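First comes the structure, then the notes that go with it.
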Amino acid sequence: MDINRIFSNNRAWAAKKIKRDADYFKHLSLGQYPEIFYIGCSDSRVTAEELMGVNPGEVFIYRNIANMIPNSDLSAQSAVSYAVTYLKVKHVVVCGHYHCGGVKAAMESSDLGLLNPWLRNIRDIYRLHRSELDAIEDLEKRYDRLVELNVQEQCVNVLKTADVQKAYKERHLTVRGWVFDIRTGILKDLNIDFDKILSEIMEIYKIS
Ligand code: CO
């Protein structure tokens with residue numbers, strides 16, 4: 001790909017928007033009021049806006065390797081806090097995807113240097129759900145399930161934060177876990193039963 005093509009693409013895109021609405025960028029510059037906070041993977045094949053069919057201004061987006069919200073990661077925690085407390089989004093979505101390289105790497109034992117501590121978060125999830133995962137003999141299915149359990153645990157990490165607990169209580173913020181199936185292009189809701197999960201762990205993480 002010719003990197004300079006990006007600038008001609010950008011000019012064409014901006015011109016198209018202005019042609020449809022002369023004040024498009026003027027309106028966009030006034031502020032953002034997204035209702036959804038999307039936490040996804042940086043994987044180049046998993047776009048955010050395009051796969052959801054949303055426009056600029058509609059979704060606040062945070063992406064990193066394997067869509068994680070580690071407890072002590074300042075960048076991830078800041079994104080959650082900003083989205084929930086200042087932008088007052090209505091929904092927080094953690095969206096994983098099958099064939100996630102980050103999840104795959106955590107299932108293998110290669111030394112990936114700086115990535116080791118990052119991927120260790122996923123190894124911890126494997127340990128937490130070891131009996132369920134080890135019982136799945138088909139490696140592809142086990143890998144799929146770890147992708148789903150990573151989404152579930154990142155949702156739990158979101159729910160551990162004081163900002164989210166406050167918004168959950170005061171204005172019924174919802175937290176959702178989704179998976180994008182890269183093999184079919186279809187997005188699916190994992191329909192995670194948070195009431196059940198939270199009833200078992202909230203006593204430990206409750207912040208009031
Ligand atoms: Co990924």
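The values are calculated or read from the model by the stated rules, or taken from the named source; none is laboratory data. The structure presented is a predicted model; accordingly, all values stated were derived computationally and were not measured. No Cβ is skipped: glycine too gets one built from the backbone with ideal geometry, and neighbour counts run over all protein chains shown. Calculation scope for accessible area: heavy atoms of the full protein, side chains included, ligands and nucleic acids excluded. Shrake-Rupley method; radii C 1.70, N 1.55, O 1.52, S 1.80 Å.
A few points about this structure:
Residues checked against (1) over 15 Å from the mean Cα position of the chain (by Cα); (2) within 16 Å of the ligand (Cβ to nearest atom); (3) surrounded by 14 or more Cβ atoms within 10 Å (Cβ to Cβ):
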{"position": "PRO34", "(1), (2), (3)": "yes, no, yes"}
{"position": "THR47", "(1), (2), (3)": "no, yes, no"}
{"position": "VAL54", "(1), (2), (3)": "yes, no, yes"}
{"position": "VAL59", "(1), (2), (3)": "no, no, yes"}
{"position": "LEU74", "(1), (2), (3)": "yes, no, no"}
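- Checking each residue in segment 62-75 for being in contact with a helix residue (DSSP H, G or I) (Cβ under 8 Å, 6 or more places away or on another chain) and more than 25 Å from LYS141 (Cβ to Cβ) picks out TYR62, ASN64, ILE69, PRO70, ASN71.
- Pair list, Cβ < 8 Å and 6+ apart or interchain, from segment 139-153 residues that are under 14 Å from LEU128 (Cβ atoms) to residues that are of a type in the set (Gly, Ala, Ser): LEU146/ALA106; GLU148/GLY96; GLU148/GLY177; ASN150/ALA66; ASN150/GLY96; VAL151/GLY96; VAL151/GLY177; GLN152/GLY177
- Scanning segment 85-105 for residues that are away from the ligand (no atom under 16 Å from the Cβ) and more than 14 Å from the chain's Cα centre (by Cα), we see that the one that is surrounded by the most Cβ atoms within 10 Å (Cβ to Cβ) is VAL89.
- Leading residue by the ranking (most open to solvent (accessible area, probe 1.4 Å)) among those in segment 106-123 that are among the hydrophobic types (A, V, I, L, M, F, W, C) and either within 18 Å of the chain's Cα centre (by Cα) or not assigned by TED's automatic domain parsing to the domain that holds CYS41 (or both): TRP118
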